[in-house]
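Remarks on the structure that follows.
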Ligand code: DON
């Protein structure tokens, strides 16, 4: 039996001592209003147990982590046709990089870079009757928690400073890979990214990917094959130009966000989420990466 609580406590004590906690994202001004010392971990086992340490019940902005949830909803509605509009290759570039999108004629490398997530947002805006409300309902449903919401201040803050995403959406539109109006798609995308969750809620939201497509309440929301494919994209593309490093250090499929959250999972075993808002140079949580490296090393549990 692994003593998970002692391991989480040990990681907490190690990691919070690091004086270089990274940089809080401030290109979305509202994200800068957060305490740099925040640090929480929550571990949810598929067999039922749950363990946590630190600020695991504080809400934070999940940002790009939401891209996995929007992809899941789009795949469950559209199926494999989704891949006519974007690819599943790692980009080796930052999340907001644009030149590859132009070179590759408006086909984003994958659904987790911003341009790819904007294509997914476009698909959902076309498919959903009330996109923002219906997506929120979906997230609440797979998490089994009605107490999840957008942060409207964060969404507005990103809308006011989201010039790079406007550029991406306009480029997509110029290549006929955006069916709806740029403003409508980005309004949805900015709200999707503004979703707030605690570490504990995040592990429940991602239960569906660790549990062969069945969510925490055991409702089937994805096929086994869809869950497998989404995990593969998390492993290869979940950390942008640091995906190789995350696989090397941690060895789990996962996804990061500029709010400082990371969620990672071992299929059929567990989901773990970490929140530490200071980011490294690649835009991923600095202490979050360290904590997860220690977790898979100390527990000897990874996909490899
Ligand atoms: O579009 C953006 O720039 C943000 N809403 C999300 C970026 C993000 O979280 C990148 N992940 N590490």
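Can you find a residue in region 165-184 that is touching a strand residue (DSSP E or B) at 6+ places or on another chain (Cβ under 7 Å), surrounded by fewer than 21 Cβ atoms within 10 Å (Cβ to Cβ) and outside any helix (DSSP H, G or I)? Show your work before the answer.
Let us first name the residues in region 165-184 that are touching a strand residue (DSSP E or B) at 6+ places or on another chain (Cβ under 7 Å), namely none.
No: region 165-184 contains no residue that is touching a strand residue (DSSP E or B) at 6+ places or on another chain (Cβ under 7 Å), surrounded by fewer than 21 Cβ atoms within 10 Å (Cβ to Cβ) and outside any helix (DSSP H, G or I).
Number of residues in region 219-261 that are touching a residue at least 12 places away in the same chain (Cβ under 8 Å), part of a strand (DSSP E or B) and over 17 Å from residue 281 (Cα atoms) equals 1.
Annotation: of all residues in region 126-146 being part of a loop (DSSP other than H, G, I, E, B) and in contact (Cβ under 8 Å) with a residue 40 or more places away in the chain, the one that is farthest from the ligand (Cβ to nearest atom) is 144. Restricting attention to region 161-184, the residues that are away from the ligand (no atom under 12 Å from the Cβ) and touching a residue at least 40 places away in the same chain (Cβ under 8 Å) add up to 10. Can residue 270 be described as closer than 26 Å to residue 17 by Cα and away from the ligand (no atom under 14 Å from the Cβ)? So residue 270 does not fit the description; no.
When region 11-21 is filtered for residues that are loosely packed, with under 15 Cβ neighbours inside 10 Å and not in a loop (DSSP other than H, G, I, E, B), the ones remaining, listed by number, are 13, 14. Out of region 22-53, which residues are within 16 Å of the ligand (Cβ to nearest atom), in a loop (DSSP other than H, G, I, E, B) and either surrounded by 20 or more Cβ atoms within 10 Å (Cβ to Cβ) or in contact (Cβ under 8 Å) with a residue 40 or more places away in the chain (or both)? Result: 22, 24, 25, 27, 28, 34. Restricting to region 95-125, and then to whatever is in contact (Cβ under 8 Å) with a residue 40 or more places away in the chain, surrounded by fewer than 24 Cβ atoms within 10 Å (Cβ to Cβ) and in a loop (DSSP other than H, G, I, E, B), can you tell me which residue is farthest from the ligand (Cβ to nearest atom)? So, considering only residues that are in contact (Cβ under 8 Å) with a residue 40 or more places away in the chain, surrounded by fewer than 24 Cβ atoms within 10 Å (Cβ to Cβ) and in a loop (DSSP other than H, G, I, E, B), the one farthest from the ligand (Cβ to nearest atom) is 105.
Taken over region 71-91, the residue count meeting the criterion of being under 27 Å from residue 295 (Cβ atoms) and either without any contact (Cβ under 8 Å) to a residue 40 or more places away in the chain or within 16 Å of the ligand (Cβ to nearest atom) (or both) is 3.
FYI, it's all coordinate maths here, none of it is from the lab. All values reported here derive from a predicted model rather than from experimental measurement. So basically every Cβ, Gly included, is an ideal-geometry build from the backbone, and we count neighbours across all protein chains shown.
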